[in-house]
Each structure stands twice: as C-alpha cells, then as structure tokens.
1. Can you name the number of the only condition in (1) modelled with pLDDT of 85 or more; (2) farther than 25 Å from B:G274 by Cβ; (3) surrounded by fewer than 21 Cβ atoms within 10 Å (Cβ to Cβ) that B:V219 fails?
2. Evaluate the following for A:D301: is it within 14 Å of another protein chain (Cβ to nearest Cβ) and in a helix (DSSP H, G or I)?
3. I'm trying to understand the selection: among the residues of the stretch A:304-341, which are touching a residue at least 12 places away in the same chain (Cβ under 8 Å), assigned to a helix (DSSP H, G or I) and within 14 Å of chain B (Cβ to nearest Cβ)?
4. Among what's in the stretch B:1-48 and is in a loop (DSSP other than H, G, I, E, B), over 30 Å from B:L399 (Cα atoms) and not aromatic (F, W, Y), pick the residue that is modelled with the lowest pLDDT.
5. What is the one condition in (1) of a type in the set (A, V, I, L, M, F, W, C); (2) at pLDDT 90 or above; (3) closer than 30 Å to B:A215 by Cβ that B:F466 does not satisfy?
6. Is it the case, given these coordinates, that B:I370 is more than 14 Å from chain A (Cβ to nearest Cβ) and either at pLDDT 90 or above or in a helix (DSSP H, G or I) (or both)?
7. Quick one: how many residues across the stretch A:230-240 are among the charged types (D, E, K, R) and either over 17 Å from the mean Cα position of the chain (by Cα) or not in a loop (DSSP other than H, G, I, E, B) (or both)?
Amino acid sequence: MGTKSRCPCFVLGVFLLLSFAAPFSATAAPSDIDFFKGKTVTYIVSTKTGGGYDTYGRLIARYLQKYLPGSRVIVKNVPGAGHIIGANTIYQAEPDGLTIGTFNTGLIYSQIIGQEGIQFDLNKFSWIGKANSETRVFVVGAKTPYKTFKEIMDSKAPIKMPSSGVGSEDHNETLILASALPAKFQPIPGYQGKEAEMAILRGEVPAVLGSYTGLSGLIAAKEGRVLMQYGSEHGIPELKSVPHINSIEVTPKGKSLINLVNSIDIIGRLTAAPPGMPAGRLQVLRDAYRKALTDPELIKDAKKYHLDLDPAYGDDVQKLVAEGINQPAENIRTLKNIIKTKE
Amino acid sequence: MDVWDAIWAGLSGATSWPAFGLMLLTIPIGLIIGIIPGMGGNMGLALLIPFTFGMEPLSGFAFLLGMHAVVHTGGSIPAILFDTPGTGPNAATCIEGFPMAQKGEAGRALGAALTSSMMGGILGAMFMAIVIPVVRPMVLAFGPPEFFMLAMMGLAFISLMSGSSILKGLMAGGMGLVISFVGMDPQTGVVRYSFGVLDLMDGINIVTIVVGLFAVAEVIDMGIKGGAIAHSKSANIKGSGVLQGVKDCFMNLWLVLRCSVIGNIIGIIPGLGGDAAAFICYGHALQTTRRKDEYGKGCVEGVIATDAAHNSKEGGALIPTLAFGVPGSSGMAILLGAFMILGISPGKEMFTQHLDLVFSMVWILVFANIIAVAICLPLAGTMAKITFLRTSVMIPFILVCGLLGSYLTTSRIGDILITVLFGVIGYGMKKFDYARGPLILGIVLGKIAENALHVSLNLYGLMFVFRPIAFVILLITLATVFFPVYRAHARKKKIEETSK
C-alpha cells in the first residue's frame, strides 16, 4: 500500500522538477534521456498505410527507437482531410515527447488561406527535423507537341492540368505558378492519386505537376517529358538538362510567389512535436533524429526503398517553416485571391 | 521471346524453389487477412514488403502475390457466416450469402463462394494473359466520360435490386447517393454534410457502413428474435451442402465466365474501383436470371456472380501497373513500390523483355487461387455449423468482430458510432422491407459518377456524351431500363387484344 501511494507523488515531483528545469537548459540532460526508458513513443503518420509518408515515417520511427535507448517507437496512421486530422492530433497531444509525427508541408497554404478544420498553428509546433527536399517537375505527355517550357508559357489556349481537388496542395501550386510565371494553367479537379498519370496517358490533359519521385515511373517509361523543375535544387542526375524555375525571368511579385513554392517544397517529410515541449526533452528527440538520419544503415535502407534523403534539423527547420508561413501582408492577400475556394 | 516459350518459362519460374514455397507461406496469411474484417490486401502488402528485401524478383512476386490474390477468398467467409464483409468488395457477397446461411445453407453458400472465387481468379489470370497484346488501347479507351456512363449503368441496376417495391428501392438508392456526397467536394473545396465533424471530411468508408447495415442490423434482429442464424433446422448439418455449392458453380459455368470477364475488365480500367466490380456483376446476374423472385432471399447465383468478380479483377488490376508503371489502385501502388524495391521497373519492356515474368505472375495467381480454396473447402462444413449456434453465443462474437473491423479500417473511434447508427438504419430497412442493396450501390457509385461527370464536363463540355464508347454504354443502359417497360406494355396490350 505504502509504495502505491508514494508512487504518484514521486512521478509528480519528477515532473515538476523537469518542467522547472527544462526552460533553462537547451542541451539534453541525462534525466531527459532517461525519461524515454521504458516509454512508448507514438509516431503519427497523417496518411493511410502504404505510400510515401508511411514509408518515410516507418523508416524514421525504426531508427528513432535505436537512438532513444530503452524506448519503443510505434507508428500510428491517422489519415483524413488531406493530412489535417493528423496534424491536429499531433498539435493537440500532450507535449511530453511521447507523441510526434509527420504531415504534408502543403498545409502551409491551408493555414495561410485559413482552411476549414485547421486547429493548429504551424508557427508553434516544436520542429524536430525534415528528411528530404522535394524536386518537383512539370511533365507533358509524350504525344503532345510541346518541346520547351517557353512554348507552354507562350500558349494562348489554356493548358489543362489534373488536380486532386480545390484546396489540395497540387491544385494550389498549379494556381500559384500560373499567376507567378504567368502561364495559362487550368487545373481540372477530380483526379485522385494516380488518376492524374492515367489522364496524361489517355491524352485528356497535356501536362501535370508533381514530385519527381511520384512521376518517375511515367518519365522512365517515356510516357512523359520533363520540361521544367522547381522546388529543391539538390540535383537529380536524370534532370541535369532540365531548366529550373529560378532561371525563368518573372516580375518581382511573381518571384516572391515562386520563392514561397520553392521553400515549401524544400521542407519535405518533416517530423514535428506538439507546441510547448520542455526544451531538454525536445533536444533529446532532435539529437536522436539527427543520429537516425545520419545512420549508415538508415541511408542503406532508404536506398532500397528508393527514398531520397536531404535532411535538416531542429532550428533550421523551424526557420524554414516560419519563412514560409510569415509572408508579407501583400503576398498573403495575393495568395488568398489566387487560391480561395469557391463559395 | 515467343509467347509459348514465355508461358512455359513462366510456369517453370512459378514452380521453382523457393518461389513456390514462399507462395505457400503467404497464402494462409492472405486468407486470414481477408477473414479479419477491416484488414485488407493493402495492409497485408505494407506488412509483408519489408520481408522481400534481398529476395530474387520472382520469389518476391510469389511472396506478395500469393497473399494478395486470395484476400477476397477469405473475405467472403465472414460475409456469409456473420453478414460482416472481410473486405470492401465482399460487401456484395452479404446480399445473397447471409440469407442463404439463414435458410440453413451456409455450407452451400461457402462451397459456391469459394469455388466461384477460385474459378474467377483462374479465369481472370487467363483473361489477363489473353489481353496482353491489346492492353494499351483497351486501358486507354476508358476515361472519365466512360466511367460516368458505367456508373450510370450500375445505378440502373437499382431498379432490379429493389425487391418488392421499386419506389422503396429508389428511395434507398437516393439515400445512398446523398451519403456518397458526405465529405470534401473536390470541385469546390467545400465540405458537405459533415456537420462540423472533421472525421467526416473524407466521407464515410464503405466497410464502416456495410458492417453497420448488415452485421449490426442482424445482431439487433437476432437479439429480438432469438434462435440461431440458421432459422431452418431442416438442412442436413452433417453433409452441410458444401459439395452442392461446388456443383452449383459448375452448373452456372456460363455465369461464372461472364462475371469473371466483367470483373477482369473493371480491374483493368483504373479508376472505377474494386467495390464496384462485385456489385455490377451482381446486377448483371439479376438482369440475366430466370429466377428473379429468389434474389434477395438467398439465391446461390448471386453469391457465385459476386465472388467470381472479386478475384478475377485482381488479375486485371495488374495490367495497367505492369504496362505503364501506373497503378490502377492504392493496393497496386504499394505493389508497384515493391516491384521497384525488387529491381523491376514496369513499363513497355515488361511485355517484351520480361514476358516470362509476367506469365510467372499469371501462374502464381492461378496456383494461389487453387491452393487457397483447397485449404478452405475441407473446413467449410465445420465453419457452416457456426450458424446453428445459439444467438446468445453469436451476438457478442459478431458485434466485436464487426466493430473491430469498422475501427481497423479507418482507425477512428468515431466510425464505430457511425457503424452503430447504420446498424439501426439497417434494422429499420429490414423491418420495413427496404432492400439494402440499392443503398450500397448508391454509395459505391455516387462518388464515381459525380466526379466523372464534373471532369468530363470540364474536359469536353456536354459533347462528352457522344464519345463512341460512352454513347454505346448509354444506349445499353437506356435499353435495360426501357426494354422491360416496353415488354410489359406489349404483353398487356396482347392480353387486352386476346380478351377482346
């Protein structure tokens, strides 16, 4: 009986001690590392099982466990509402370091325009790191007449492009780039997932935007030609001769929109924790994440899965996200005008 | 490579060691994943892929396809015994399968479902091999206008599935359409019918609904009536009718063949979805049968038609994945990822340089289907006896099984509430004689129809109706709707004339 009643007091004491001590130290104290011993860390993936986010999430979770000694890191899929439900769940979780997770960086657009259902503020998440920078590509069908991106920009007729839906990241990006370049892109909503590539094969639409990894099958099968790349510039060898969007001349206003799109695509496959984490514990997670992402075994596994890696850590990611979200008022107005949903 | 050489090379590949052994290992896994409601082939693939690291490509295929090919075979078992579909496409099996169990014919239903799914799987694999030369034009001929017309054709089956009252059937179908609209509308970015509940933004999963509409509704009914699932004790428990079910399949060979081809084609066309295949085949069986009155009350033909469709579509779904490197479904997207891990990049070369590998896959599908049924058939008689147990034993079991399935499908607690709500709706429909098939059909096809209509209008304007294939499907649909009306009118006229 005695030990039973003492136990909660002890835990409370430790908790109080930690919460007082935490703000004063940014380095991981041994007590913070010990905290994870015998605990279960839940890594939330905001999509269903299978697919890119799940694969990255499971790989990272496995190696996080290796560098959080004595802990168990499990993956929980919380899909829905285009990653919003997963992001909400992470944001609202207890900031004790036992719930972290991943979601789509495109939610930056959703927050800027104030999309329905968002219960988080991306400025406030405790950022742990990101695993990749995304190279995105503009692809035309093999049978279309377009040979250069200039022909696309000069086209008088609208260029129809598949999108998964109004408010989704690909739809927003199509509209923003159309306004920034400018080009006559016309997104056709209603193509879920791989249907967009089928639309290119069938010739219903001449062009599609997407991540290079997602479209590499289409490109490798010579069913599509890449005319332009944007997002990360970290250099995919197959795309050496393809012009980057930064080399296209645009107005200053267009340039700032393109910078926004690029910066969002660079923060790929992020890992975040709820706001208000004790600094010491956050540091433990950031250290573990850094060790995981530089582990030669993880790098080997990533190669097997065909996953690209271009990691960044802690404060650097925090800064990248803040840059993306905290746009000048004029940019936000422009963005809202471009990507507002129909009423 | 000569086609015949490729077929033989494929056979020797599929039967080589360790590929064959690995396939034997994953077939039971696939069956179990199918039997457990809420776990589907996609989850199975995601779980098994890490084990394929370091395997030869052929062994890797055998390992994954062995599991994937037989998931729906397992999924029919709880659909028949407990009215709880193991996977989404098995929902259609419930419509006739469970009423058969209630008549005391669970064994016959299991025998028919297993045999028909095996035949469907084999025919689907064979059909896949036959269409390889014409695969490109075939896949690319179906775009959004054609999807819309196919969905319309499917919706026309509501009139056939309505049972005693067309009006009630239309009401149920209309309600199904409204339920399919729940969630984010891709055309406007507006969330519809979610009442502020965030979980509803993606719409309601079909398994969540079907478990409620059938399994929970049945539990309520059983709780009120008591007894056992099988109302009739007259059936011979010992023989259990499994063999009769097997015989039924052979007697309906022509139906099995037609439904396998339909299922396979729907599998080949990416975008229509596997759930639709089984329902369209059920509708087709209803349309062509001479025993329309027996449908809805446990007709073995209905079980045969739906189960032939499940497994045959898997062969079809492989085609776009292999031919273009573009997967037709989320399951195939995972499989494509696995192919790339195994060092095979799908595309045109698959059918020129790696034709033997393609045929190995065909053979693996054939063997996996035969072996799965060889495992299940001897057990079917024993499984059927469950339906003769007291309901007080069965209710907790079915309830836990069904609600667990609903939770596993989406991992959302809220969906359990939705399942219970649909349980009450389902019980009400049963009690007041509203057929539940039209409701499900509306839900399955509503979203496809709406989306395809918007995309078609955006791409082609109203002229999309006159695209050749779309127009032909439209004519067939109109004929199926109006021909019975015309025939009834003509018969009435004839009777009037003769009475004069």
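1. With respect to (1) modelled with pLDDT of 85 or more; (2) farther than 25 Å from B:G274 by Cβ; (3) surrounded by fewer than 21 Cβ atoms within 10 Å (Cβ to Cβ), B:V219 is out only on (3).
2. yes
3. Residues satisfying the conditions are A:K336, A:I338, A:I339.
4. Here the answer is B:M1.
5. (3)
6. Judged against the criteria, B:I370 is a match.
7. Here is the first cut: in the stretch A:230-240, the residues among the charged types (D, E, K, R) are A:233, A:238, A:240.
Filter again for either over 17 Å from the mean Cα position of the chain (by Cα) or not in a loop (DSSP other than H, G, I, E, B) (or both), leaving A:238, A:240.
So the answer is 2.
Yes or no, residue by residue, for (1) surrounded by fewer than 16 Cβ atoms within 10 Å (Cβ to Cβ); (2) outside the structural domain of A:A29 (by TED's automatic domain parsing); (3) in contact with an Asp or Glu (Cβ under 6 Å, 6 or more places away or on another chain):
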residue: A:N259; (1), (2), (3): no, yes, no
residue: A:Y289; (1), (2), (3): no, no, no
residue: A:H306; (1), (2), (3): yes, no, no
residue: A:D310; (1), (2), (3): no, no, no
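The values are calculated or read from the model by the stated rules, or taken from the named source; none is laboratory data. This is a predicted model, so every value here is computed, not measured. Please note: Cβ atoms are built from the backbone with ideal geometry, for glycine as well, and neighbour counts cover all protein chains shown.
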